[in-house]
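Colleague: If you scroll down you'll find the structure; I have some questions about it.
Here, each number is a calculation from the coordinates, and none is a lab measurement. Just so it is clear, the structure is predicted and the values come from calculations on it, not from any experiment. Every residue, glycine as well, gets a Cβ built from its backbone with ideal geometry; the counts of neighbours run over all protein chains shown.
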Amino acid sequence: MNRQDIDALVKKMNVDTATGEVDQRVQSIVVRLLGDLFQAIEDLDIQPSEVWKGLEYFTDAGQANELGLLAAGLGLEHYLDLRADEADAKAGVMGGTPRTIEGPLYVAGAPESVGFARMDDGSETDKIDTLIIEGTVTDTDGNIIEGAKVEMWHANSLGNYSFFDKSQSDFNLRRTILSDAEGKYVALTTMPVGYGCPPEGTTQFVLNKLGRHGNRPSHVHYFVSAPDFRKLTTQFNIEGDQYLWDDFAFATRDGLVATAVDVTDEAEIQRRGLEKPFKHITFNIELVKDVASVPSNEVERRRACA
Ligand code: MBD
Ligand code: FE
């Protein structure tokens, strides 16, 4: 069938058959995607068994709650970032900390504090390096923003995230810190280890077919928001990780690479109230003023809430 016949058939089946109220937006998306799918079936001569295999795959991936992971792994989520960057550039919105993907592992409702938070529950202190993350939240002119909401979340020493990993305590390695009067936030935590897709999972299954790995470098996620500023979704990825520029989710970007500096100075260790050398990361955040001319950065998606 050629495209004209395909489009006519799709229209006959899904547009001309309407007898109730039509959601125009949904209709145009469904019609377009069906046309593109039928065209792909033509072009690649996709066999019926392969079509069913694909539908069964989505059933399995959905039941495993891995569709968010799949979107990250296939680059769909990164593509949306590139589109948002393009829209910003077109609207003349410049500067600020770069955005990068949220990923599928955010959980709303983490404990909130002002200026400082300890993120870890102490269960891995002996196993892994202590990490202090600190930075200042400013606007693009360097003016301090007090009371910015800095939401952070990261993995433990096994690359696992609390809530999804039920062996961890509630909200372990998840905190919301409000920047203090100097615009500063400080997090005391443990060094994250890079995430790997569940080896027997549905996402890794497709990655294997593509000859791809499913690993991310060590990283820390952020949502940063403040009144009259655009919401920022970002992460830093940590220098030295073998996957830094080989991230299966394509989240590493220029401006989002952090260096974890070893601190061994006894006086500094004591000043921090710590008992052993630690790693230190500075991650400053620049927010961009709200602009009427560009769509909001707020992305609606189903998120866990504990
Ligand atoms: C992660 O920790 C993550 O950040 C992404 C994008 C996908 C899977 C796990
Ligand atoms: Fe992550």
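Colleague: I need a count of the residues in segment 164-206 that are under 18 Å from the mean Cα position of the chain (by Cα), assigned to a strand (DSSP E or B) and over 22 Å from residue 226 (Cα atoms).
Modeller: 2
Colleague: Across segment 70-105, which residue is farthest from ligand 2 (Cβ to nearest atom) among those that are on the phi < 0 side of the Ramachandran plot and touching a strand residue (DSSP E or B) at 6+ places or on another chain (Cβ under 6 Å)?
Modeller: The extreme case among them is 97.
Colleague: Need the failing condition index for residue 137 against (1) closer than 30 Å to residue 289 by Cα; (2) within 14 Å of ligand 1 (Cβ to nearest atom); (3) not charged (D, E, K, R), just the number.
Modeller: All conditions are met except number (2).
Colleague: Scan segment 29-66 residue by residue and report those that are away from ligand 2 (no atom under 16 Å from the Cβ), surrounded by 13 or more Cβ atoms within 10 Å (Cβ to Cβ) and either outside any helix (DSSP H, G or I) or hydrophobic (A, V, I, L, M, F, W, C) (or both).
Modeller: Matches in segment 29-66: 30, 31, 34, 37, 38, 41, 46, 61, 64.
Colleague: Considering each of 278, 283 in turn, give the residue that is within 16 Å of ligand 2 (Cβ to nearest atom) and among the aromatic types (Phe, Trp, Tyr).
Modeller: 283
Colleague: Within segment 99-107, can one find any residue that is in contact with a Ser or Thr (Cβ under 7 Å, 6 or more places away or on another chain) and more than 24 Å from residue 78 (Cα to Cα)?
Modeller: For segment 99-107, residues in contact with a Ser or Thr (Cβ under 7 Å, 6 or more places away or on another chain) and more than 24 Å from residue 78 (Cα to Cα): absent.
Colleague: Would you be able to tell me the number of residues in segment 143-163 that are under 17 Å from the mean Cα position of the chain (by Cα), outside any strand (DSSP E or B) and among the hydrophobic types (A, V, I, L, M, F, W, C)?
Modeller: Adding up the residues that qualify gives 2.
Colleague: What do you reckon, is residue 122 more than 16 Å from ligand 1 (Cβ to nearest atom) and more than 30 Å from residue 10 (Cβ to Cβ)?
Modeller: Yes: the conditions hold for residue 122.
To keep it simple, each residue is scored yes or no on (1) over 23 Å from residue 163 (Cα atoms); (2) surrounded by 11 or more Cβ atoms within 10 Å (Cβ to Cβ).
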residue	(1), (2)
222	no, yes
243	yes, yes
248	no, yes
262	yes, no
286	yes, yes
303	no, yes
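Colleague: Can you pull out every residue in segment 207-225 that is within 19 Å of the chain's Cα centre (by Cα) and part of a loop (DSSP other than H, G, I, E, B)?
Modeller: Residues satisfying the conditions are 213, 214, 216, 217, 218.
Colleague: Being in a strand (DSSP E or B), within 16 Å of the chain's Cα centre (by Cα) and of a type in the set (A, V, I, L, M, F, W, C) is the filter; apply it to segment 237-272 and report the residue that is nearest to ligand 2 (Cβ to nearest atom).
Modeller: Ranking the candidates gives 238 first.
Colleague: Output the residues belonging to segment 183-200 that are closer than 20 Å to residue 105 by Cα, in contact (Cβ under 8 Å) with a residue 40 or more places away in the chain and away from ligand 1 (no atom under 11 Å from the Cβ).
Modeller: Correct list: 187, 189, 190, 191.
Colleague: Just give me the residues in segment 1-17 being in a loop (DSSP other than H, G, I, E, B) and either touching a helix residue (DSSP H, G or I) at 6+ places or on another chain (Cβ under 8 Å) or under 11 Å from residue 35 (Cα atoms) (or both), in sequence order.
Modeller: Those that are in a loop (DSSP other than H, G, I, E, B) and either touching a helix residue (DSSP H, G or I) at 6+ places or on another chain (Cβ under 8 Å) or under 11 Å from residue 35 (Cα atoms) (or both): 1, 2, 15.
Colleague: Could you list, in sequence order, the residues of segment 99-135 that are assigned to a strand (DSSP E or B) and among the β-branched types (Val, Ile, Thr)?
Modeller: 107, 114, 130, 132, 133
Colleague: Between 190, 234, which is within 13 Å of ligand 2 (Cβ to nearest atom) and not small (Gly, Ala, Ser)?
Modeller: Testing whether each residue is within 13 Å of ligand 2 (Cβ to nearest atom) and not small (Gly, Ala, Ser) leaves just 234.
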